[in-house]
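Have a look at the structure below, then the notes.
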Ligand SMILES: Nc1ncnc2c1ncn2[C@@H]1O[C@H](COP(=O)(O)OP(=O)(O)O)[C@@H](O)[C@H]1O
Ligand SMILES: [Mg+2]
């Protein structure tokens with residue numbers, strides 16, 4: 001019983017990070033109809049920057065802020081310099097370009113920061129809290145992880161719900177032409193969307209890294225799990241991405257705990273195939289019509 | 001606005017018939033298939049001559065590079081058929097190569113003849129391809145890319161999980177087949193050269209490649225190839241015309257996977273190892289780079305692209321080393337360049353080498369038909 | 001074919017545009033005056049939509065010019081043209097269905113002159129189209145066709161434009177709903193500075209609400225006259241207007 005509860009707790013902690021990552025994918029998908037396969041490599045890159053800062057300042061939080069700021073800049077730059085030039089109605093081209101970014105950034109990270117494993121400090125303790133005589137798998141670090149994701153989520157909700165710029169971003173993502181006819185500078189909104197998404201992705205990168213090891217490809221499985229989470233939630237739905245992320249965290253924790261960690265990616269694949277075959281519009285999508 | 005990725009046409013089909021004078025077009029249409037196959041056979045013979053010349057005129061180091069190029073070419077050819085002709089993208093071809101390589105690693109020690117092993121490797125991988133293709137038949141674009149990415153990331157886990165049979169992280173050693181005596185005699189007879197293992201493997205690789213290319217060229221010029229292109233260009237129209245989309249897609253995936261499995265088998269004997277680290281996602285993306293740079297949909301492009309995969313890394317690694325990078329850093333320059341090239345080609349020359357050259361050629365040989373204007377489509 | 005007496009809010013001169021080899025607009029002159037509704041009529045494919053899309057910068061003009069008052073807007077980007085006071089309700093309506101009714105209206109009111117007084121601008125829309133007020137918190141995808149048309153017209157008017165371009169507002173709506181919307185439009189235009197360019201295939205209803213009419217055929221203006229004159233010209237009606 002305790003093991004099961006602990007597995008669930010670990011899963012939810014991981015799931016929060018997948019949720020953030022899936023949310024980053026969903027933000028970009030909604031804005032530009034591109035699945036950003038470079039999201040993981042971008043996050044790995046900004047996490048390395050954070051690591052440099054953490055090592056020189058000794059502050060995890062300054063490192064996190066660095067990663068977030070770097071994510072904003074990187075996301076905006078990628079949209080402006082690369083994605084925008086692919087042009088509309090070129091699905092295959094967009095996929096290929098983000099894959100190109102993926103390998104190029106990953107290799108660049110190895111060149112600049114080294115290819116070896118490096119440990120990334122945890123934001124806080126990694127010891128589970130004690131409840132009477134038992135120690136549960138809920139750690140201070142995990143609380144910070146979940147808290148950070150929650151803060152960012154609420155920030156995004158507030159942005160999109162209550163601000164003019166959020167309204168303009170939603171309109172641009174929904175129908176760029178209509179938005180332009182209403183005087184919205186759609187190009188700038190899309191850049192902003194990519195920047196925000198990369199910020200959220202960077203957050204996920206730092207949170208995954210905390211208390212563990214980083215190497216240039218450490219985000220590879222996170223891309224897959226985040227993508228599956230996003231599809232699970234219906235790629236168009238930010239709320240779905242969050243629920244999908246938490247679900248993936250729990251499912252994969254159960255597989256790790258009861259089957260074996262080598263098969264976690266296989267489980268992710270199985271979930272993806274099951275969703276796509278049974279309910280391709282995702283579990284939470286409102287619009288049934290979606291091109292798959 | 002960059003033009004959308006338009007896979008280059010296979011030579012000899014649409015681009016030709018457009019210029020045939022009306023009277024002759026009926027006759028040409030009747031003659032073309034057989035003429036096409038004869039042309040393919042002639043090209044295969046020519047390729048064989050080129051292979052013999054190149055392998056006999058170069059040393060063991062180059063020979064082994066050409067052996068490597070042979071399996072990249074086959075895998076890239078499989079991918080270009082899938083992506084360029086059928087419009088499906090796959091990030092799973094690296095993993096499919098792993099299936100071929102592991103099959104080879106399991107069968108060769110059991111004294112199964114090499115050629116049979118390679119055929120079985122292709123067959124087993126084709127079966128896996130049918131499974132992947134069936135799961136992916138309804139998927140397009142980013143969904144398909146994501147699903148095959150998940151496949152590529154998941155598959156190595158199997159090798160690690162079943163480490164008793166598959167060697168775990170260390171991988172499965174693949175015995176290197178010895179050149180048969182008649183082969184050494186034949187080479188000596190041809191060029192008075194001694195046979196090296198590298199040379200033997202290069203010959204095996206290129207013979208496999210030539211056969212695979214011949215089959216693919218004929219397949220794409222056949223009715224099946226035309227159906228693939230029809231599905232790629234307008235699947236709704238194809239479906240209305242009675243094409244069963246999912247069957248067509250699964251077949252394309254199976255053919256493409258068979259190529260990847262064949263390539264993986266050759267890789268196994270050339271590298272002498274099938275290990276999870278050899279089939280990372282970077283391998284899949286490298287193959288994608290090869291076909292995009294060569295020109296999506298073009299078999300010739302696949303060969304050009306595979307040359308890039310073989311000859312570019314040493315070049316940029318040397319460049320990096322002389323610029324003061326460490327070995328580890330210099331080794332990462334190749335994937336960096338792949339990624340950068342992939343982006344640049346899509347943005348600047350989406351037809352790849354073959355498509356761009358062909359477009360230039362057409363622009364020069366046909367009268368300019370009015371400057372094309374930017375279309376403002378409605379979404 | 002006398003030009004309108006008042007100064008034009010929108011003046012289109014010699015406008016030519018197209019798609020690739022297709023020339024969809026060929027030297028079109030159209031003006032829209034303040035306080036007037038100018039109907040643009042013509043068969044399917046005559047170039048009506050292209051005219052509006054070229055005016056608002058979605059389709060590049062090959063030659064000719066577009067002026068709003070004294071401002072030359074030829075070749076400007078759509079968002080700039082919108083900010084210059086030309087509101088365009090596209091064919092097929094362009095409701096942002098995942099926003100609420102009120103959010104759609106706020107989006108319109110954010111633009112240009114209404115900035116800083118979005119609430120009053122939105123209240124004006126509710127006053128003009130009461131059904132929208134009842135549904136202000138609903139997601140726009142729950143609206144009926146007529147309500148959607150009210151929403152997009154209201155959204156376009158919320159920014160207080162000088163020119164309103166309407167592309168086939170009657171499409172797919174019941175005749176009763178069409179005449180209701182046209183009446184509300186008429187009331188809004190009467191005595192105001194607003195100039196409306198109303199594109200319609202449904203010539204009969206359009207001429208009943210418009211002051212002036214312009215008939216397009218194959219991208220050219222074939223007639224331009226007061227609406228009543230056009231409606232009375234049997235030959236023209238049979239040839240181009242289909243009633
Ligand atoms: N996006 C487009 N691409 C190519 N041709 C178009 C496009 N839109 C319209 N056309 C052509 O331009 C002409 C005018 O079309 P349009 O302006 O839509 O006419 P209307 O709105 O009067 O029905 C037609 O011949 C139509 O086929
Ligand atoms: Mg129209």
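The values are calculated or read from the model by the stated rules, or taken from the named source; none is laboratory data. For clarity, every value in this text was computed on a predicted model and none was experimentally measured. Every residue, glycine as well, gets a Cβ built from its backbone with ideal geometry; the counts of neighbours run over all protein chains shown.
Just a few scattered comments:
- All positions within the range C:150-183 that are away from chain A (no Cβ under 14 Å), more than 16 Å from ligand 1 (Cβ to nearest atom) and either within 20 Å of residue C:55 (Cα to Cα) or touching a residue at least 60 places away in the same chain (Cβ under 8 Å) (or both): none
- Residue that is surrounded by 14 or more Cβ atoms within 10 Å (Cβ to Cβ), in a helix (DSSP H, G or I) and more than 14 Å from chain C (Cβ to nearest Cβ), where the choices are A:192, A:167: A:192
- Residue C:96 meets each of the listed conditions (1) surrounded by fewer than 18 Cβ atoms within 10 Å (Cβ to Cβ); (2) at negative phi apart from (1).
- Checked against the criterion of being more than 30 Å from residue B:139 (Cβ to Cβ) and under 16 Å from the mean Cα position of the chain (by Cα), the candidates A:64, A:131 yield just one match: A:64.
- Subset of the range C:130-172 (residues that are away from ligand 2 (no atom under 16 Å from the Cβ) and in a loop (DSSP other than H, G, I, E, B)): C:135, C:136, C:137, C:138, C:143, C:144, C:158, C:159, C:160, C:161, C:162
- Qualifying residue in the range A:81-102 (condition: more than 30 Å from residue B:296 (Cβ to Cβ) and part of a loop (DSSP other than H, G, I, E, B)): no
- Annotation for the range C:74-85: no member residue is more than 14 Å from chain A (Cβ to nearest Cβ) and under 17 Å from the mean Cα position of the chain (by Cα).
- Checked against the criterion of being within 15 Å of ligand 2 (Cβ to nearest atom), within 13 Å of chain B (Cβ to nearest Cβ), more than 16 Å from the chain's Cα centre (by Cα) and under 18 Å from residue C:167 (Cα atoms), the candidates C:43, C:24 yield just one match: C:24.
- Residue within the range B:164-182 that is within 30 Å of residue A:231 (Cα to Cα), at pLDDT 85 or above and within 14 Å of chain A (Cβ to nearest Cβ) present: no
- Single residue of the range B:342-351 satisfying the filter (within 11 Å of chain A (Cβ to nearest Cβ) and touching a helix residue (DSSP H, G or I) at 6+ places or on another chain (Cβ under 6 Å)) that is surrounded by the most Cβ atoms within 10 Å (Cβ to Cβ): B:346
- Residue that is surrounded by the most Cβ atoms within 10 Å (Cβ to Cβ) [pool: residues in the range B:91-133 that are modelled with pLDDT of 90 or more and not in a helix (DSSP H, G or I)]: B:92
- Positions within the range C:46-69 being without any contact (Cβ under 8 Å) to a residue 60 or more places away in the chain, closer than 24 Å to residue C:225 by Cα and either within 16 Å of ligand 2 (Cβ to nearest atom) or in a loop (DSSP other than H, G, I, E, B) (or both), in sequence order: C:53, C:54
- If you check C:13, C:38 for being away from ligand 1 (no atom under 15 Å from the Cβ), under 22 Å from residue C:208 (Cα atoms), away from chain B (no Cβ under 14 Å) and part of a strand (DSSP E or B), only one passes: C:38.
- Residue check, residue A:243 touching a strand residue (DSSP E or B) at 6+ places or on another chain (Cβ under 9 Å) and either part of a helix (DSSP H, G or I) or away from chain B (no Cβ under 14 Å) (or both): no
- Residue count for the range C:207-220, restricted to those that are in contact with a strand residue (DSSP E or B) (Cβ under 6 Å, 6 or more places away or on another chain) and within 13 Å of ligand 1 (Cβ to nearest atom): 4.
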